[in-house]
Amino acid sequence: MNRRNFLKNSLMTAATITTFSGLMIKPKRLYAAWPKASFDITDLNDSINSVYGHNNLNESSEVMLKAPDIAENGAIVPLNVKTKLKNVESIMIFVENNPQPLSSGYNLSSKSVPTVGTRIKMGNTSKVIAAVKSNGKIYTASKEVKVTIGGCGG
Amino acid sequence: MSTIKLRAKESKGIVTVKAIIKHPMETGQRKNKKTGEKIPAHFIQQVICKANNDEVITINWGPAVSKNPYLTFAYMGSKGDVVELTWEDNQGNKDSLQGEVK
């Protein structure tokens with residue numbers, strides 16, 4: 001083995017090792033990353049903007065948001081979002097007065113039926129907004145939920 | 001024991017999946033009352049559900065989801081489908097559970 005070949009080989013080995021170790025260090029996430037930026041934003045409009053890239057919301061009666069009028073315990077506020085709209089891509093839930101308005105997002109597939117339910121925390125009385133993305137447009141429904149005991153403090 | 005409780009039921013071609021995950025869902029804003037130190041954030045960020053290995057829904061959660069989160073959603077499927085739910089939190093913990101649609 002002459003010097004030239006030796007150098008070439010060792011360089012290639014080094015390259016392979018770097019690629020492999022790079023692959024191994026990568027976190028094992030097979031899916032789209034969690035949108036940290038959107039969840040960190042503290043202003044409602046900025047939050048909506050960062051999720052959709054615009055603030056163009058259409059209030060629609062096709063979106064049904066089920067939420068209590070008064071939540072005695074802000075730590076557990078049951079929510080249910082349903083819609084008759086077709087081709088729903090995602091459902092997002094925003095809480096205007098929470099430290100971070102975006103509370104959760106649901107990315108649906110072609111097999112999904114557009115209905116989701118969960119329980120969220122609310123710090124204060126606030127407007128809750130359910131936003132449904134269908135055929136590229138955003139449709140919303142909102143409801144004021146009164147909170148008697150906050151769920152975010154300690 | 002698994003941290004997930006899963007129930008999936010079919011009716012008229014629609015499978016409704018209900019799940020409860022055992023998790024503290026710590027926001028990172030609470031303080032330990034005795035020491036005054038902040039309790040670090042610890043919450044589930046992503047929940048993925050597959051039916052017969054096809055992804056049905058991907059859920060992103062923030063810290064504002066309640067402790068021991070409850071979740072329901074639906075998809076077009078049939079009895080006997082194998083539903084798999086996987087979650088991962090901000091500290092890298094994860095768990096998954098499979099169940100059969102009834």
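Taking the residues in the stretch B:25-46 that are surrounded by 13 or more Cβ atoms within 10 Å (Cβ to Cβ) and more than 9 Å from chain A (Cβ to nearest Cβ) as candidates, determine which candidate is farthest from the chain's Cα centre (by Cα).
The first filter runs over the stretch B:25-46 and keeps only residues surrounded by 13 or more Cβ atoms within 10 Å (Cβ to Cβ), leaving B:25-30, B:38-39, B:41-46.
Now narrow it down to the ones that are more than 9 Å from chain A (Cβ to nearest Cβ): B:26, B:28, B:38, B:41-44.
Working: B:E26: 15, B:G28: 20, B:K38: 25, B:A41: 17, B:H42: 14, B:F43: 11, B:I44: 8 Å.
So the residue we want is B:K38.
Of the strands (runs of 3 or more DSSP E) lying entirely inside the stretch A:26-104, the ones with 3 or more residues being under 13 Å from A:I138 (Cβ atoms) are found at A:57-59, A:88-95. Restricting attention to the stretch A:82-93 and to residues that are more than 10 Å from chain B (Cβ to nearest Cβ) and either crowded, with 22+ Cβ neighbours inside 10 Å or β-branched (V, I, T) (or both), the residue that is farthest from A:S47 (Cα to Cα) turns out to be A:T83.
Go over the candidates A:S104, A:S112, A:S134, A:S126 one by one and state the one that is free of Cβ contacts under 8 Å to residues at least 40 places away in the same chain and over 23 Å from B:R30 (Cα atoms).
Values: A:S104 fails: over 23 Å from B:R30 (Cα atoms); A:S134 fails: free of Cβ contacts under 8 Å to residues at least 40 places away in the same chain; A:S126 fails: over 23 Å from B:R30 (Cα atoms).
The unique qualifying residue is A:S112.
Scan the stretch A:48-70 and give yes if some residue there is touching a residue at least 12 places away in the same chain (Cβ under 8 Å), among the hydroxyl-bearing types (S, T, Y), crowded, with 16+ Cβ neighbours inside 10 Å and within 12 Å of chain B (Cβ to nearest Cβ), otherwise no. Scanning the stretch A:48-70 turns up no residue that is touching a residue at least 12 places away in the same chain (Cβ under 8 Å), among the hydroxyl-bearing types (S, T, Y), crowded, with 16+ Cβ neighbours inside 10 Å and within 12 Å of chain B (Cβ to nearest Cβ).
A:A33: modelled with pLDDT of 65 or more and surrounded by 10 or more Cβ atoms within 10 Å (Cβ to Cβ), yes or no?
Working: modelled with pLDDT of 65 or more: yes; surrounded by 10 or more Cβ atoms within 10 Å (Cβ to Cβ): yes.
So A:A33 passes the test.
Restricting the stretch B:85-102 to residues that are away from chain A (no Cβ under 12 Å) and buried (at least 18 other Cβ atoms within 10 Å of the Cβ), the residue that is farthest from B:T27 (Cα to Cα) is B:V101. Filtering the stretch A:103-154 to residues that are more than 14 Å from A:I48 (Cα to Cα), of a type in the set (V, I, T) and buried (at least 17 other Cβ atoms within 10 Å of the Cβ) leaves A:V113, A:T115, A:V116, A:T118, A:I120, A:V145, A:V147.
One residue is enough: does the stretch B:47-60 have a residue meeting the conditions closer than 16 Å to A:Q100 by Cβ, surrounded by 20 or more Cβ atoms within 10 Å (Cβ to Cβ) and at pLDDT 90 or above?
For the stretch B:47-60, residues closer than 16 Å to A:Q100 by Cβ, surrounded by 20 or more Cβ atoms within 10 Å (Cβ to Cβ) and at pLDDT 90 or above: present.
Looking at the structure I just gave you, is B:E55 assigned to a strand (DSSP E or B) and more than 11 Å from the chain's Cα centre (by Cα)? When the stated conditions are applied, B:E55 passes them. Against the list (1) surrounded by 15 or more Cβ atoms within 10 Å (Cβ to Cβ); (2) at pLDDT 90 or above; (3) more than 10 Å from chain A (Cβ to nearest Cβ), the condition B:P69 fails is (3).
If the condition is being more than 15 Å from A:S104 (Cβ to Cβ), in contact with a strand residue (DSSP E or B) (Cβ under 7 Å, 6 or more places away or on another chain) and in a loop (DSSP other than H, G, I, E, B), then the stretch B:10-27 contributes B:G13, B:P24.
The values are calculated or read from the model by the stated rules, or taken from the named source; none is laboratory data. In this text the structure is predicted, and so the values were computed from the model without any measurement. Neighbour counts are summed over all protein chains in view; Cβ atoms, including those assigned to glycine, are modelled from backbone coordinates with ideal geometry.
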